[in-house]
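Notes to accompany the following structure.
None of the figures in this text is laboratory data; all of them are computed from the coordinates on show. Bear in mind the structure is a predicted one, so any value in this text is a computation, not a measurement. All Cβ positions, glycine included, derive from the backbone under ideal geometry; neighbour counts span all protein chains shown.
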């Protein structure tokens with residue numbers, strides 16, 4: 001089954017329309033990816049940055065917002081690996097509101113490229129990461 | 001010519017990779033739209049929300065990030081109106097780094113729907129807004 | 001013992017100096033207070049706002065920042081109730097870095113006043129809240 | 001006269017109580033300080049960080065919030081230099097709502113220490129900065 005990060009909408013995520021400010025959903029995507037590294041790959045994202053010296057800037061993003069979220073809502077943000085290219089990774093995200101019987105509130109994907117943290121030079125997806133992501137893909141493909 | 005909002009990358013827009021955190025680009029899109037209302041339509045976005053009682057939640061988003069931004073960079077965020085549907089508006093954004101001779105750093109578009117601020121019921125694009133946006137579209141189509 | 005909310009420094013909390021942007025500590029104070037309501041008072045802060053129709057804007061703040069935090073650090077943010085006035089509550093916060101043997105990274109307090117959510121008129125601390133906070137004060141006074 | 005940075009409350013600065021989230025005021029303090037460096041000292045804060053290799057983390061903060069701010073409000077954030085120690089600078093901030101005939105909405109001060117950006121070792125306030133800040137203090141002392 002795909003990894004899900006529990007996220008709680010906090011007081012300051014809300015905008016003047018009374019709902020979650022839409023760029024916060026991209027923040028939720030990122031938070032979920034950070035948790036995914038720690039939980040599923042066994043490597044903190046901070047370690048990837050500071051010790052592996054690899055950074056994963058986003059070059060493309062798409063998202064559909066299906067339901068609005070309010071303060072106090074909780075979502076489970078699912079993280080999927082959709083594709084692994086030579087230098088890029090395509091991630092998929094689906095947010096489900098807790099207690100809604102699987103009601104999807106947001107769905108999106110982004111493409112990140114691997115670069116060195118110091119010079120931002122594009123590099124191949126590191127072997128350890130490729131293997132770990134490939135193994136993860138197999139896991140949730142069966143679900 | 002299309003409206004451009006000048007935006008300065010601030011200290012806290014930067015993430016631990018040393019570049020602008022990508023969800024901040026969506027915030028820049030929103031800031032530019034807010035400025036667009038005040039500057040091109042003559043109506044503050046706060047007035048749209050609180051007096052016209054209309055809110056414009058985003059239901060779809062796409063973006064391509066072409067160049068990374070660092071602290072101190074300045075961009076001009078162009079706002080275009082791509083399409084006006086019955087209840088929806090499609091907006092286009094292009095961010096150009098100042099002093100780069102038109103180097104585009106980000107390009108994206110989002111679809112917003114018109115809803116009432118109190119009940120979030122979908123409504124037709126208000127007539128005053130449709131007219132103003134249509135007039136604006138004609139302006140930059142000639143450019 | 002005083003309530004402690006576990007908080008994880010996320011990727012975007014970091015500023016261009018490579019450490020937690022100092023206004024984020026105030027956000028951590030607020031997050032911890034939100035968790036305090038749910039965990040210790042049995043009432044979600046969202047319920048206080050939307051059902052009790054009470055808001056708690058901050059009118060005064062003081063903080064000392066003793067250690068810098070980096071991405072991946074975890075802190076336990078302790079919440080204390082220092083004083084309950086007629087319309088105001090004084091809160092105390094102490095953040096301890098996990099795994100540091102009680103190394104305090106931040107200490108602060110703020111004063112909030114009770115107001116109605118609609119008109120922002122100052123009101124007395126509601127009786128249910130005063131009782132719950134008083135009971136809580138007794139608990140950690142013994143610790 | 002003391003420097004004032006114009007700041008516009010944006011859509012996402014608002015919290016679920018409908019007013020500016022109080023940690024955003026600290027962000028406004030920081031924004032105003034960033035503008036102060038560029039405008040009054042002739043050095044971008046990014047240059048201080050990246051070329052002078054000096055960072056100014058905050059070690060103490062105090063603030064009083066006198067009026068709430070809503071979306072669309074504009075404030076002028078005044079920046080004063082209160083004291084220059086051996087390694088520290090004490091800054092004063094006062095925010096005035098535009099069009100209010102000098103109504104103060106927030107007042108605060110913070111103490112920053114000078115450190116190297118790479119090792120965060122405490123250093124003396126650099127001579128160029130001490131001179132520039134001292135000259136600035138004389139200017140507004142006369143106002």
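Quick notes on this one:
- Cα point-scatterer Debye curve for segment D:1-108, base-10 log of I(q)/I(0) at q = 0.17, 0.19, 0.21, 0.24 Å⁻¹: -0.83, -1.01, -1.17, -1.40
- Crossing angle, helix B:23-36 versus chain B [Cα axis fit, 0-90 degrees, rounded to tens]: 50
- Helix-derived mean residue ellipticity, 222 nm - over the protein assembly as shown, DSSP H n ≥ 4, -39500 (n - 2.57), to 500: -7500 deg cm²/dmol
- Residue order, fewest to most surrounding Cβ atoms within 10 angstrom, among C:128, D:91: C:128, D:91
- Top of D:33, D:77, D:104 by mean-square fluctuation, Gaussian network on chain D, Cα under 10 Å: D:104
- Exam field: residue C:138 pseudo-label spacings to other copies (7 Å along Cα-Cβ), nanometres: 6.0, 6.3, 7.4
- q = 0.25, 0.26, 0.27 Å⁻¹, segment B:60-116: log10 I(q)/I(0) [Debye, one scatterer per Cα]: -0.95, -0.99, -1.03
- Centroid-to-centroid, using Cα positions, segment C:88-131 and segment B:30-46 are 36 Å apart.
- Values of log10 I(q)/I(0), in the order q = 0.16, 0.28, 0.30 Å⁻¹, for segment C:100-143 under a Debye, Cα-only, solvent-free model: -0.69, -1.03, -1.05
- 10 Å Cβ neighbours from other chains, averaged over peptide D:23-31: 6
- Counting every other Cβ atom within 10 Å of each residue's Cβ, A:115, D:79 order from fewest to most as A:115, D:79.
- Principal-axis tilt of helix D:127-141 within chain D, Cα atoms, nearest 10 degrees: 40
- Using C-alpha pairs below 8 Å separated by at least 6 residues, the relative contact order for chain B is 28 percent.
- What separates the residue A:8 label point from its copies, with the point 7 Å along Cα to Cβ, is 1.4, 3.6, 3.7 nm, written shortest first.
- Each other copy holds its own label point for residue B:101; taking that point as 7 Å from Cα along Cα to Cβ, the gaps run 5.5, 6.0, 6.1 nm, nearest first.
- Percentage of interatomic Cα-Cα distances in the protein assembly as shown larger than 39 Å: 28
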